[in-house]
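Before any comments, here is the structure.
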Amino acid sequence: MHKDNNGITSSSSSSGRIRHRRKSNEIPSEASKENGNHLLVNDQNKYRSFLIRAHSSVWMIGGFALVIYMGHMYIWAMVVVIQIFMVKELFNLLRKAHEDRHLPGFRLLNWHFFFTAMLFVYGRILRQQLVNTVTSDKVLYKLTSFTVANIFEGILWFLLPASLIVINDIAAYIFGFFFGRTPLIKLSPKKTWEGFLGASVTTMISAFVDLSTGWLHCDPSSIFKPEYYSLLGWFPEWFPWKEVSILPVQWHALCLGLFASIIAPFGGFFASGFKRAFKVKDFGDSIPGHGGITDRMDCQMVMAVFAYIYHQSFIVPQNYSVEMILDQIMRNLSFEEQRALYIKLGQIFVERQFGES
């Protein structure tokens with residue numbers, strides 16, 4: 001009888017341990033936060049976690065480089081796939097939060113709204129390209145101008161902000177891994193001031209140096225042509241360099257790097273607060289050591305919005321040319337609108353000619 005009681009006691013205690021065992025995707029307890037065990041420098045399994053994250057990072061960077069090499073259409077497809085996986089993780093999180101309501105067809109309705117919005121956004125872009133290809137006789141000109149526009153105004157302004165966020169994330173993790181002692185924000189317990197500041201400096205240096213080491217095989221626009229600055233009066237005469245050459249795009253890269261290192265991380269902070277509200281550690285587990293796709297793309301969303309606004313505000317107005325205006329006319333105007341524009345321009349030229357004479 002005594003033996004049975006012990007068995008019952010042991011089984012109940014083991015079941016109690018099972019019931020109270022914390023899941024891997026739940027947030028750590030407040031007690032562990034107060035004693036500082038949540039910092040990476042105090043984590044006993046930090047080197048194992050480091051190897052897992054490094055292995056996943058190498059695969060992600062390699063796949064990203066392959067997609068970039070394949071061209072702009074594959075980049076567009078990659079962005080669409082990433083968006084679908086992010087929305088899937090958010091929908092799963094929302095479904096878990098409302099499991100007790102039993103709403104039939106709720107997930108189907110969510111996906112309906114998502115694909116409707118995606119079709120509206122991307123459909124307009126594809127419609128313009130298809131109409132231009134069918135109605136324009138100069139198909140080769142259209143394709144080449146489209147490629148050049150993507151190289152200098154599309155792929156670059158997509159790749160540069162995205163790579164700055166990647167550099168910032170990697171540098172923040174490495175500096176926090178080895179030197180992180182001071183917690184940065186309660187919403188993200190593992191983030192430290194050492195990682196934040198180290199990543200900021202690394203991102204700024206990378207933004208300025210990266211674009212100075214590339215090479216071009218075509219006629220660059222003005223922001224890719226070097227400008228020379230004299231160092232006379234700034235350094236003594238024995239200084240070996242009398243002038244330096246800096247690309248104008250490097251100054252723009254510094255602005256993007258400043259945003260990527262100081263403001264964009266707040267996207268991660270907001271995502272951390274969102275996860276804490278739902279009492280989960282990660283949005284998913286699709287990337288070993290990193291969590292879900294959304295965990296890696298939270299800062300990218302903030303950076304993408306800023307990069308688009310910055311490009312439209314400070315880059316596009318400075319680079320208007322006859323070819324660019326003609327390209328926009330051929331893309332966005334129908335044949336009747338192009339003919340009306342041609343007639344209107346002819347009338348303006350005639351009026352100016354007779355007015356001057």
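The values are calculated or read from the model by the stated rules, or taken from the named source; none is laboratory data. Remember, it's a predicted structure, so these values are computed and weren't measured experimentally. We place every Cβ from the backbone using ideal geometry, glycine too, and count neighbours over all the protein chains shown.
For first residues located in region 321-332 and surrounded by 12 or more Cβ atoms within 10 Å (Cβ to Cβ), partners that are at pLDDT 80 or above and assigned to a helix (DSSP H, G or I) and lie 6+ apart or on another chain with Cβ distances below 8 Å form the pairs 329/338; 329/341; 330/338. Of the residues 196, 175, 158, the single one that is of a type in the set (Phe, Trp, Tyr), at pLDDT 90 or above, within 18 Å of residue 259 (Cβ to Cβ) and surrounded by 17 or more Cβ atoms within 10 Å (Cβ to Cβ) is 196.
Any chance region 54-73 includes a residue that's at pLDDT 75 or above, of a type outside the set (Ser, Thr, Tyr) and either more than 27 Å from the chain's Cα centre (by Cα) or within 26 Å of residue 279 (Cβ to Cβ) (or both)? Quick ask: steps written out before the conclusion?
Here is the first cut: in region 54-73, the residues at pLDDT 75 or above are 54-73.
Filter once more, keeping what is of a type outside the set (Ser, Thr, Tyr): 54-55, 58-68, 70-73.
So of that shortlist, the ones also either more than 27 Å from the chain's Cα centre (by Cα) or within 26 Å of residue 279 (Cβ to Cβ) (or both) come out as none.
Taking every residue of region 54-73 in turn, none turns out to be at pLDDT 75 or above, of a type outside the set (Ser, Thr, Tyr) and either more than 27 Å from the chain's Cα centre (by Cα) or within 26 Å of residue 279 (Cβ to Cβ) (or both).
Take the conditions surrounded by fewer than 19 Cβ atoms within 10 Å (Cβ to Cβ), at pLDDT 90 or above, in the same structural domain as residue 73 (by TED's automatic domain parsing) and not hydroxyl-bearing (Ser, Thr, Tyr) and apply them to residue 166. Does it pass? Break it down stepwise before answering.
Values: surrounded by fewer than 19 Cβ atoms within 10 Å (Cβ to Cβ): no; at pLDDT 90 or above: yes; in the same structural domain as residue 73 (by TED's automatic domain parsing): yes; not hydroxyl-bearing (Ser, Thr, Tyr): yes.
Considered against the rule, which asks whether it is surrounded by fewer than 19 Cβ atoms within 10 Å (Cβ to Cβ), at pLDDT 90 or above, in the same structural domain as residue 73 (by TED's automatic domain parsing) and not hydroxyl-bearing (Ser, Thr, Tyr), residue 166 comes out as no.
Please find, within region 221-253, the residue that is farthest from residue 161 (Cα to Cα) out of those that are among the charged types (D, E, K, R) and surrounded by 11 or more Cβ atoms within 10 Å (Cβ to Cβ).
Here the residue is 242.
Within region 340-356, does at least one residue satisfy the condition of being at pLDDT 85 or above, loosely packed, with under 15 Cβ neighbours inside 10 Å and in the same structural domain as residue 161 (by TED's automatic domain parsing)? Among the residues of region 340-356, not one is at pLDDT 85 or above, loosely packed, with under 15 Cβ neighbours inside 10 Å and in the same structural domain as residue 161 (by TED's automatic domain parsing), which makes the answer no.
Per the listing 270, 283, the residue uniquely surrounded by 11 or more Cβ atoms within 10 Å (Cβ to Cβ), hydrophobic (A, V, I, L, M, F, W, C) and outside any helix (DSSP H, G or I) is 283. Being modelled with pLDDT of 85 or more, in the same structural domain as residue 81 (by TED's automatic domain parsing) and among the aromatic types (Phe, Trp, Tyr) is not true of residue 274. Picking from residues in region 178-193 that are aliphatic (A, V, I, L, M) and touching a strand residue (DSSP E or B) at 6+ places or on another chain (Cβ under 9 Å), the one that is surrounded by the fewest Cβ atoms within 10 Å (Cβ to Cβ) is 185.
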